[in-house]
Amino acid sequence: MSSQSTVRLAPPLLWAAILPAIVWLLSACSSVAPTAELRGTGDLGVVIERADGRVKIVETSGRSVLATVEGLGDLSHASVVFSRDARYAFVFGRDGGLTKVDLLQAKIVGRVLQAGNSIGGSISHDGRLVVAQNYAPGGVKAFDADTLELLAEVPAVTEGGLRSKVVGLADLPGRRFIYSLFEAGEIWITDFSDPKKPQTQRFAGGNQPYDALVTPSGRHYIAGLFGEDGLAMLDLWNPEQGSRKILAGYGKGEEPLPVFKMPHLRGWSVAGGKAYLPAIGRHEVLVVDTGTWQEVARVPVRSQPVFVMARPDGREIWVNFAFPDNGWVQVIDTVSGKVTHTLQPGRGILHMEFLSKGHEVWLSARDDNKVVIYDTATKQQVGGFESASPSGIFFTTRAARTGF
Amino acid sequence: MRIPPLFAHVAVFIGAALVAAFASASAQEARPAAAAPELAAPEAQRARELIHIVRQDCGSCHGLTLAGGLGPALTPEVLADKPFEGLVATVFSGRPGTPMPPFRSIVSEAEAEWIVDQLMRGFPPDAGLPPAR
């Protein structure tokens with residue numbers, strides 16, 4: 001038996017490859033972070049990559065992408081609400097998926113398929129209930145925010161069995177939620193204080209409500225109407241008075257222009273005692289006094305407005321537009337009441353989100369596959385990053401606001 | 001942002017190839033009812049644009065997957081029994097009293113026919129718009 005063994009050295013070329021690899025591996029070992037770095041969530045946000053069922057977790061202080069989370073399903077028309085501690089994002093997908101994402105660990109911690117076709121949701125003031133608004137089957141469903149267990153369901157069914165799509169859901173004090181029924185034209189308030197016995201109050205609304213908002217104080221609910229010239233407004237401090245029409249007849253009987261995308265309403269349109277609302281079928285922003293609810297002005301803009309958003313300080317209103325003019329953004333100065341800037345931040349601007357004090361706005365440019373960041377004082381681009389077909393951008397500062 | 005020309009060319013080429021591949025793939029699984037031959041596609045660049053418009057901008061009401069939203073689903077199964085001409089008229093002239101807007105300022109009548117034909121066969125996936133110049 002021979003103990004002789006021939007030791008063959010690897011050829012120099014192989015060593016040239018192996019040595020750096022060893023060095024790299026060793027250094028990687030020593031620099032592995034001990035545990036996740038401590039950080040707050042106040043400057044975090046979520047960008048929806050609608051076509052890929054994916055969200056990016058972003059950080060607004062350094063304007064960077066922290067992580068990407070996959071597996072959220074069909075995110076066309078996705079929307080997001082945040083837990084009270086701003087750690088978790090609840091993402092509502094078009095396919096009825098409700099996904100809970102841990103922003104700090106950048107992972108999915110819960111997911112249910114809760115409907116066939118959904119368009120958004122809301123969270124109760126105490127943070128315990130997450131409520132989804134559904135197109136099919138039309139209605140709302142309440143889930144435990146911790147476990148995503150289904151707690152209650154209210155089908156949007158009216159007389160004669162007519163089932164409606166639910167739009168314009170918003171949170172009210174005391175585990176109550178308000179929403180509108182597209183087909184039935186009603187406004188409903190459901191109280192989930194006892195999730196086993198949800199109590200629903202019904203109000204007349206108007207013809208074909210398409211979206212709605214609750215004002216930042218939580219006092220007024222305004223539903224935009226597709227089927228008539230005007231909006232329905234309900235004073236939630238005096239609900240027994242029922243809803244009334246505001247801005248009735250704003251179309252002046254003229255033939256409406258085609259609406260290639262439905263506007264979105266939210267409490268961001270209220271600033272300085274006025275609400276700035278998108279007209280339907282007219283290229284105008286309607287301005288209404290929130291004390292008297294009378295029209296005080298209308299501002300001609302470039303096309304059909306979709307998002308009409310006040311900068312958080314109320315000094316400016318930023319407006320984006322429906323297809324085919326979705327490459328444009330206009331800024332209205334609230335003091336002069338005029339358009340002061342017309343911008344082209346990118347192709348397919350689907351959404352805008354301000355930082356909480358309004359010094360920056362982030363815009364998603366779907367058709368350029370990027371998010372662009374503008375300084376709102378200079379109207380200059382100050383940053384941005386690649387993102388696949390981005391749509392909604394949601395910052396955790398929403399966690400603290402009624403109606404978001 | 002400037003896009004390097006080589007990258008742009010490669011992206012356009014790959015995109016176009018994908019569109020072509022998917023278009024022919026979905027054409028092969030033609031619905032049983034579609035005895036009629038497939039309508040001729042518009043020129044490649046325009047076809048890509050139209051596919052993008054339908055997926056994204058019709059998609060804002062009908063869903064990216066066209067499985068429905070504020071507007072009904074536009075899948076082959078749902079459209080199978082509906083008259084072709086009526087659907088084309090809906091796309092071209094809209095449906096008054098409903099949110100379905102007329103697209104006559106965006107597409108020609110022939111393009112509306114092609115879109116409905118493709119919807120009834122199973123709509124091709126979106127390859128995005130070509131990069132901006």
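The values are calculated or read from the model by the stated rules, or taken from the named source; none is laboratory data. What you are looking at is a predicted structure, and each value in this text was computed from that prediction instead of being measured. Here the Cβ is made from the backbone with ideal geometry for all residues, glycine too, and neighbour counts use every protein chain on show. Remember, those area values only see protein heavy atoms, side chains included, never the ligands or the DNA or RNA. Shrake-Rupley method; radii C 1.70, N 1.55, O 1.52, S 1.80 Å.
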Using only alpha carbon pairs under 8 Å that are at least six residues apart, calculate the relative contact order of chain A and give it in whole percent. 11
Viscosity 1.306 mPa s, temperature 10 °C, Stokes-Einstein D of region A:114-249 from Kirkwood C-alpha radius, µm²/s: 108
For A:LYS252, the lysines lying under 24 Å Cα to Cα, once residues fewer than eight places off in the same chain are dropped, come out as A:LYS261, A:LYS274, A:LYS338
Please enumerate, by chain and number, the lysines with C-alpha under 25 Å from the C-alpha of A:LYS100, excluding those fewer than 8 residues away in the same chain. A:LYS56, A:LYS141, A:LYS165, A:LYS196, A:LYS370
Checking rank on A:289-296, A:141-148, with mean other Cβ inside 10 Å and highest first, the result is A:141-148, A:289-296
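Using just the Cα positions, wrap region A:86-184 in a convex hull and report its mean projected area in square nanometres, one decimal place.
6.1
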Charge tally in the Cβ shell below 12 Å around A:GLU360, where Lys, Arg are +1 and Asp, Glu are -1, A:GLU360 excluded: +1
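Which value in deg cm²/dmol, rounded to the nearest 500, describes the helix-derived mean residue ellipticity at 222 nm for the protein assembly as shown, given -39,500 (n - 2.57) per DSSP H run of n ≥ 4 and division by the residue count?
Taken over the protein assembly as shown, the calculation gives -5000 deg cm²/dmol.
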Karplus-derived HN-Hα couplings along region A:237-247 (A = 6.51, B = -1.76, C = 1.60, θ = phi - 60°), whole Hz, x at Gly and Pro: 8, 9, x, 5, 6, x, 8, 10, 8, 10, 6
Over region A:274-404, with neighbouring protein chains present, the accessible area per residue in Å² at probe 1.4 Å is 33
Express in whole angstrom the spacing between the alpha-carbon centres of region B:52-75 and region A:231-297. 27
Using the Cα centre as the reference, give the magnitude of the dipole from point charges on the C-beta atoms of chain A (Lys, Arg: +1; Asp, Glu: -1; all else neutral), rounded to the nearest 20 debye. 400
Net charge, A:LEU213 excluded, C-beta distance under 15 Å - Lys, Arg +1, Asp, Glu -1: +2
Could you identify which residue out of A:GLY160, A:GLY93, A:GLY253 has the top mean-square fluctuation in a GNM of chain A using Cα springs shorter than 10 Å? A:GLY160
Using modelled amide H (1.01 Å from N, peptide plane; none on Pro or chain starts), what sits under 5 Å from the amide H of A:PHE226, excluding residues fewer than 5 places away? A:TYR210
What percentage of the solvent-accessible surface of region A:142-282, computed with a 1.4 Å probe over protein heavy atoms, is contributed by carbon and sulfur atoms? 49
Hz values of 3J(HN,Hα) by residue in region B:104-119 - Karplus curve (6.51, -1.76, 1.60), Gly and Pro given as x: 5, 7, 10, 10, 7, 5, 5, 5, 4, 5, 4, 4, 5, 4, 5, 4
Do any residues of region A:235-281 show a loss of at least 10 square angstrom of accessible area between the isolated chain and the full protein assembly, using a 1.4 Å probe, and if so which? A:PRO258, A:VAL259, A:PHE260, A:LYS261, A:MET262
Report the convex hull volume per residue for the protein assembly as shown, counting only C-alpha atoms, in Å³. 226
Overall Cα dimensions of region A:320-378, principal axis frame, Å, largest first: 33, 24, 16
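Quick one: compute a quarter of the convex hull surface over the Cα atoms of region A:239-378 and quote it in nm².
Values: hull surface 35.9 nm².
Dividing the Cα hull surface by four gives the mean projection, 9.0 nm².
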Could you give the size of the charge dipole of region A:260-396 about its Cα centre, using +1 on the Cβ of each K and R and -1 on the Cβ of each D and E, expressed in debye and rounded to the nearest 20? 160
Please give the total accessible area that chains B and A bury against each other, computed with a 1.4 Å probe and expressed in Å² to the nearest 100. 2100
